[in-house]
1. Take every Cα-Cα pair in the range 77-221 and report what % of them are more than 20 Å apart.
2. For the range 99-186, with the dipole built from +1 on Lys and Arg beta-carbon atoms and -1 on Asp and Glu ones, taken about the Cα centre, which of Leu176, Val101, Leu149 lies farthest toward the positive end?
3. With springs only between Cα atoms under 10 Å apart, run a GNM on the chain and tell me which of Glu330, Glu189, Glu74 wobbles the most.
4. Roughly what % of DSSP beta bridges within the range 147-266 run antiparallel, to the nearest 5?
5. Report, in debye and to the nearest 20, how large the dipole of the chain comes out about its Cα centre when Lys and Arg carry +1 and Asp and Glu carry -1 on their Cβ.
6. Just the projected area, averaged over all directions, of the convex hull on the alpha carbon atoms of the range 151-227: how many nm²?
7. Across the range 81-151, what fraction of all alpha-carbon pairs, as a whole percent, falls in each successive 5 Å bin from zero upward?
8. List the relative contact order of the chain as a percent without decimals, with contacts defined as Cα pairs under 8 Å and 6+ residues apart.
Amino acid sequence: IDRRVNVQDTPDKGRCLYTNEVSDPGQVVFVEKPCLVALPGLSQNLWNHLTKMHEATPLQLGTVTFHFAALLSELQLDKTSIGVIMDKYVPDPDEEPGDDVVRIMQSIEENKELKEELKLDEKPLDPRKLQRLVSVWRYNAFSHHRDGLLLYDQTSRCSHSCDPACFYSIGEDGALVLRSRVWLEKGDELTISYLHDQDLLKHTAIRQQKLQHYWRFTCACSRCKLYLKECRGFRCRDCLVGVWYATTANVLEPCRVCNCVPSQDMTEKLIRNEDEYVLLVENLDKTDLPDIETVYIANLIFKRHWFLCVMDTMLWEGSQEKNVVDSTLEHQRHRVEFHESFLAWCREGKEAEPRADGGCQTKRRRLLHKAKP
């Protein structure tokens, strides 16, 4: 891995990972095994104890995995492995012990059997250090298939982008395979998405809200800086064919078919409708296909909007499970059309060529190597 990538200090994001090689789209950049693993079976009694605590009074992070991994690290790892963890990024290195850390330490202290099993008399816990370990696992770990966490030495240095240069997959053995999404030149930064694929479809304000809530930073990637938000399309009320796209300032751009511009009152009304629809879609029950179908069909306002793709995904998955072929194909086609018109446009930025129907035709940049003879 060290031959393929290098770590560089950046003024605004700390240490980041860069490639030493040229990569085609889809090519493996590197494969990395986890340097640390935290699985419930490694200390089942401790896992069960934390789970019971969480069920009685939920932990603030909404899961026991980070505190479990922190305790496991402190109690079972040697100084070298602890050093690897402590070297990872956290937003606040001098963070005071949180209420959950204090509560967990107290509960373990009161449980004589667990305290003896963990040998706390020989190796007492330091609340500040434990809090730091919790934060390291929270901000750097990857989920494991079996309800645990994995920590990778190099991949943990990949910063986030809403239009990432790379994507990854994790095998049953925990090995992480990092692949390029686009054509990579030597010296390009290796970025991944911290968000789920479906969240990447959403517009900037929602993405940044999630990133700020879970990772405590405001994304400033090239996609977040785009003025025009092609994931927020409103059906033109004049020609009913074209699309009004929203900007970061909630201004609707002229229709690309009839060049009509909505009035300010119309714009404000549409933006309010969008806010209401966002809440409606976010609260849909994925298992209630008739309700999703009702909301989907009732839409007369939006076109090429991210939450239509979210509903298409729900209906596609539900139709697959019920083996409804026509519906499965229809919603999959809508999803493909959205990805082609929107995600490709984001990657190409200003080089995109808008089509009259609201889609786009992109000039290929960095996606393909020059033609070989």
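The values are calculated or read from the model by the stated rules, or taken from the named source; none is laboratory data. The shown structure was predicted, so the numbers you read here are calculated from the model rather than taken from an experiment. Neighbour counts are summed over all protein chains in view; Cβ atoms, including those assigned to glycine, are modelled from backbone coordinates with ideal geometry. Side chains are part of the model used for accessible areas, which takes the heavy atoms of the whole protein and leaves out ligands, DNA and RNA. Shrake-Rupley method; radii C 1.70, N 1.55, O 1.52, S 1.80 Å.
1. Tail of P(r) above 20 Å: 60 percent of Cα pairs.
2. Toward the positive end, the furthest listed residue is Leu176.
3. Result for the chain, Cα springs under 10 Å: Glu330 fluctuates most.
4. Taking every DSSP beta bridge within the range 147-266, about 85 percent pair in antiparallel fashion.
5. I would put it at about 1500 debye.
6. If you wrap the Cα atoms of the range 151-227 in a convex hull and average its projections, you get 6.1 nm².
7. 3, 15, 21, 19, 22, 16, 4, 0
8. Computed value for the chain: 16 percent relative contact order.
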